1. When the C-alpha atoms of the range A:213-316 are aligned to their principal axes, what extent does each axis show, in angstrom, from largest down?
2. More than 31 Å apart: what percent of Cα pairs in the protein assembly as shown qualify?
3. How many nm separate the modelled label positions at residue A:62 and residue A:219, each set 7 Å beyond the Cα in the direction of the Cβ?
4. Considering Cα pairs under 8 angstrom that are at least six residues apart, work out the relative contact order of the range A:189-299 and quote it in whole percent.
5. Which residue, B:60, B:166, B:194, tops the fluctuation ranking in a GNM of chain B built on C-alpha contacts under 10 Å?
6. Across the residues of B:142-149, average count of Cβ atoms on other protein chains within 10 Å?
7. Hey, in the GNM for chain B with a 10 angstrom Cα cutoff, which one of B:162, B:222, B:211 fluctuates hardest?
8. Can you divide the C-alpha Rg of chain A by 2.2 N^0.38 Å and report the result to two decimal places?
């Protein structure tokens with residue numbers, strides 16, 4: 001009762017007709033809000049894009065960006081004749097496509113399994129534990145994997161229980177890619193289930209009740225309600241993952257590889273790092289990096305197109 | 001309910017729970033192994049005798065880390081970069097996400113700005129131009145080289161923008177009719193309503209900062225200024241991949257004094273505990289806070 005008068009005083013009288021629609025804000029504040037963030041994007045994202053020019057120059061650090069001489073497509077011609085280049089693209093695509101396929105299949109299975117668990121405490125703890133590796137630095141993950149797979153590590157100790165000889169996993173060109181793919185999937189699998197679990201909670205519970213009344217088994221419910229329910233999400237994430245085809249995880253490979261496994265494990269970014277920052281061939285490294293960025297850009301555009309076409313998806 | 005379930009259903013339940021149990025154990029195994037090693041006697045760990053339980057239990061690896069200076073200096077630098085970047089990116093992300101969440105009718109220039117932000121997610125200059133730019137800006141060997149480049153994570157901006165857009169439009173319009181400024185609406189109405197999304201983007205920013213090693217590796221030349229992950233990478237992982245030839249004599253001397261499986265395991269533990277301690281509490285936020293992109297109904 002007491003508050004009534006004060007509410008009334010807050011109601012403002014009608015203003016005279018404003019020149020702009022009253023609901024339309026003055027936009028200068030919006031521009032001002034965006035300004036500081038834009039400065040950072042320009043400094044750390046767009047300036048480096050301008051730096052791509054060194055792919056068409058013979059970059060000499062002492063001369064700097066501007067004064068280094070232009071050489072046209074010389075660096076790209078060089079790239080075409082270098083013997084190892086095709087291999088680093090093959091390695092990258094082999095590793096990343098393995099990861100893409102497994103990270104579509106396994107999270108779906110995992111989400112379906114979690115969805116069937118009735119004990120909530122178990123479901124919650126299982127979820128929390130399988131997310132865990134996502135929050136650990138690759139430095140530590142790689143350290144643990146290298147130790148587990150070392151010559152006297154836990155994996156070889158277990159193999160010896162079965163009478164098998166120790167395998168030098170990390171210097172083997174047979175084992176390197178599976179270990180990279182496997183450990184990457186191990187770290188991301190749990191986190192990637194989040195999206196599917198979110199899609200599952202959005203399904204109408206009435207569907208399950210109605211089908212149960214009609215005598216549907218849990219298997220039938222899964223096949224006819226759950227899987228169709230998350231199919232759009234599966235399609236969407238599959239389409240989007242295409243954009244990652246040239247992105248093997250640089251940090252992971254950088255930490256886990258060694259010269260013995262360059263033939264199967266050297267990816268584009270590790271090659272760019274060694275050529276540019278270790279051997280100081282800045283221009284050639286930038287040219288290869290640019291090729292990767294360009295192809296990656298086209299792949300992402302295609303993947304967004306597919307996602308939009310098949311799942312009505314828009315990123316913004 | 002339970003009694004009415006058939007034998008087949010119960011077997012199915014057991015298989016489901018069983019397979020999830022195996023998976024969680026597989027996830028835990030390397031971490032448990034690391035815990036066991038860090039709490040074992042150094043000689044036992046060096047002889048590869050430790051599996052999942054400490055042998056001759058001791059805290060000595062941890063006390064050794066506390067007494068050696070380098071490790072906790074690096075830990076402090078990591079805390080510093082997390083705090084600086086966390087605060088900066090918190091404000092910058094909100095300030096970008098709010099105007100971008102406006103409808104094109106309210107803010108016609110939005111369509112250009114959004115492209116400026118999203119394009120950074122689609123295309124980048126690559127490692128070398130990025131390095132050269134940061135060098136030109138004079139940031140090499142300063143903490144700012146670790147803090148500033150990640151100050152506006154485009155992914156987080158889009159995530160928060162989509163969250164803002166999922167809030168009822170009437171909030172914005174009603175407040176504006178009452179004469180509230182965009183700044184007031186952003187900070188007093190949108191931000192307090194968006195804790196799930198804000199917790200999510202802040203968690204992502206913190207985890208990224210804490211876990212990064214490569215920026216410290218190429219942008220910081222003085223090992224005294226390494227953040228923790230770069231420090232661990234230089235002294236542990238690099239030597240594990242059996243590349244002793246590239247180490248300097250001082251590094252090898254340092255190594256023989258401070259290395260060994262149980263010490264390394266202790267470093268791993270202290271390196272991962274801060275992040276593992278916070279994410280379970282923010283779990284319910286990031287499960288609901290993740291809305292990357294939108295599907296048009």
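Just so it is clear, none of the values below were taken in a lab; they were calculated from the coordinates. As the structure is a prediction and not an experimental result, all values here were calculated from the model. Please note: Cβ atoms are built from the backbone with ideal geometry, for glycine as well, and neighbour counts cover all protein chains shown.
1. 70, 32, 20
2. Working: 108397 of 187578 pairs.
Of all Cα-Cα pairs in the protein assembly as shown, 58 percent lie more than 31 Å apart.
3. Spacing of the two 7 Å Cα→Cβ label points: 7.6 nm.
4. Relative contact order comes out at 23 percent.
5. Comparing B:60, B:166, B:194 in the GNM, the peak value goes to B:166.
6. What the average comes to for B:142-149 is 1.
7. B:222
8. On the way: Rg = 27.2 Å, N = 316, 2.2 N^0.38 = 19.6 Å.
Relative to the rule-of-thumb radius for its length, chain A sits at 1.39.
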